[in-house]
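The values are calculated or read from the model by the stated rules, or taken from the named source; none is laboratory data. Computed from a predicted model, the values in this text were never measured in an experiment. Cβ sites come from the backbone with ideal geometry, for glycine too, and all protein chains shown count toward neighbours.
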Amino acid sequence: MALLEVSHLQKSFADKAILAGIDLQVEQGEIVVILGPSGSGKSTFLRCLNLLETPDAGVITLDNAVFNATKPTKPATLALRRKTAFVFQNYALFRNKTALENITEALVVVKGLSKEVAQEKGLAILKQVGMEDFQNAWPSSLSGGQQQRIGIGRAMALEPELLLFDEPTSALDPERVGEILHLMKRLAAENQSMIIVTHEIPFAREVADRVIFIDEGRIIESGPPSRVLDNPKDPRTRQFLNQVL
Ligand code: ADP
Ligand code: MG
């Protein structure tokens with residue numbers, strides 16, 4: 001059984017189909033990179049997987065638990081969020097919490113840990129993401145790269161079955177992109193299952209087990225990175241790659 005099975009996920013906004021029936025399976029330890037033009041539904045898809053958006057139709061099975069994603073109860077939403085964690089393009093840190101508190105808050109609220117245990121774990125995570133010297137820093141005092149380290153730390157702390165990254169480096173200064181990709185490569189080496197939306201093609205080539213191309217809310221191409229990136233079948237994939245490469 002795959003770690004994640006998504007069947008026929010659909011989502012419309014104002015009667016416009018944004019996800020037109022997405023089917024996807026992700027195996028334990030697999031790293032899937034999603035490519036696609038702006039507005040093709042990549043973020044909406046990831047957000048549905050974490051129930052940040054409620055899909056109109058479709059079933060999500062994660063780690064053998066079936067989620068009726070269209071009418072999620074609060075306990076089901078929490079259960080799904082214990083198994084998936086989201087890393088946002090714009091970091092989405094709590095502005096009024098310190099770096100450490102951003103991580104411990106998630107551990108207390110989502111994982112139900114005591115403050116003491118969360119604190120200890122939070123400090124260990126800060127170390128893993130190279131931010132141990134900034135535990136009391138406010139997000140606004142940190143660079144984008146540092147904020148994203150905290151964002152990734154917050155997601156890692158939950159020890160999710162599946163990590164979801166939505167363009168984690170696209171808001172960063174170019175010289176900061178490498179350090180975040182490096183951190184993600186380390187997670188990949190630890191066999192962390194991940195779905196990553198990114199335009200970093202060399203990263204996709206190196207790290208992905210599978211590359212998927214989405215256009216207008218549909219998966220139109222899926223395969224090993226060498227096949228999709230070097231020998232795309234669909235003209236839309238070719239056109240997109242010509243633009244980003
Ligand atoms: P991508 O991440 O591939 O750039 P998105 O999933 O963000 O694409 O958006 C796909 C389309 O859905 C866009 O046209 C966007 O304007 C629309 N959309 C996304 N979120 C909402 C929302 N909450 N309300 C209305 N329209 C939305
Ligand atoms: Mg997006």
- Counted residues in the range 35-50 being surrounded by 22 or more Cβ atoms within 10 Å (Cβ to Cβ) and modelled with pLDDT under 95 come to 0
- Message: Suppose we filter the range 14-70 for residues that are in contact (Cβ under 8 Å) with a residue 12 or more places away in the chain, more than 16 Å from ligand 1 (Cβ to nearest atom) and assigned to a strand (DSSP E or B); how many remain?
- Response: 11
- the range 51-72: number of residues that are of a type outside the set (A, V, I, L, M, F, W, C) and either out of contact with any helix residue (DSSP H, G or I) (no Cβ under 9 Å at 6 or more places or on another chain) or under 14 Å from Pro160 (Cβ atoms) (or both): 6
- Which of the residues that make up the range 189-202 are surrounded by fewer than 20 Cβ atoms within 10 Å (Cβ to Cβ) and on the phi < 0 side of the Ramachandran plot? Ala189, Glu190, Gln192, His199, Ile201, Pro202
- Message: Can you tell me which condition Tyr91 does not meet? The list is (1) touching a strand residue (DSSP E or B) at 6+ places or on another chain (Cβ under 9 Å); (2) among the hydroxyl-bearing types (Ser, Thr, Tyr); (3) surrounded by 19 or more Cβ atoms within 10 Å (Cβ to Cβ), and all the others hold.
- Response: (1)
- Message: For the range 15-34, check the following and say yes or no: at least one residue is surrounded by fewer than 19 Cβ atoms within 10 Å (Cβ to Cβ), at pLDDT below 95 and closer than 28 Å to Glu216 by Cβ.
- Response: yes
- Considering residues that are surrounded by fewer than 21 Cβ atoms within 10 Å (Cβ to Cβ), under 22 Å from the mean Cα position of the chain (by Cα) and under 17 Å from Ala106 (Cβ atoms), the number found within the range 128-138 is 1
- Among the residues of the range 111-160, write down those that are closer than 20 Å to Leu172 by Cβ, polar (S, T, N, Q) and touching a Leu at 6+ places or on another chain (Cβ under 8 Å). Gln147, Gln148
- Determine the pairs where a residue that is charged (D, E, K, R), located within the range 73-101, has a partner that is away from ligand 1 (no atom under 16 Å from the Cβ) and assigned to a helix (DSSP H, G or I) with Cβ atoms under 7 Å apart, the partner being 6 or more residues away or on another chain. Arg95/Pro139; Arg95/Ser140; Lys97/Glu105
- Query: Which pairs have Cβ atoms under 9 Å, sit 6 or more apart or on different chains, and link a residue in the range 193-216 that is farther than 19 Å from His182 by Cα to one that is of a type in the set (Lys, Arg) and within 13 Å of ligand 1 (Cβ to nearest atom)?
  - Reply: Ile214/Lys42
- Task: Mind counting the residues in the range 147-200 that are within 16 Å of ligand 1 (Cβ to nearest atom) and either more than 14 Å from the chain's Cα centre (by Cα) or in a loop (DSSP other than H, G, I, E, B) (or both)?
- Result: 8
- Message: Being modelled with pLDDT of 95 or more, over 28 Å from Asp63 (Cβ atoms) and away from ligand 2 (no atom under 16 Å from the Cβ): is that true of Glu120 here?
- Response: no
- Query: Has the range 54-73 got at least one residue that is within 16 Å of ligand 2 (Cβ to nearest atom), farther than 30 Å from Leu245 by Cα, among the acidic types (Asp, Glu) and at pLDDT 95 or above?
  - Reply: no
- Note on the structure: Among Ala76, Ala85, the single one that is in a helix (DSSP H, G or I) and touching a strand residue (DSSP E or B) at 6+ places or on another chain (Cβ under 7 Å) is Ala76
- Message: For the condition within 16 Å of ligand 2 (Cβ to nearest atom), out of contact with any Ser or Thr (no Cβ under 6 Å at 6 or more places or on another chain) and under 23 Å from Arg149 (Cβ atoms), what is the one hit in Phe94, Phe86?
- Response: Phe86
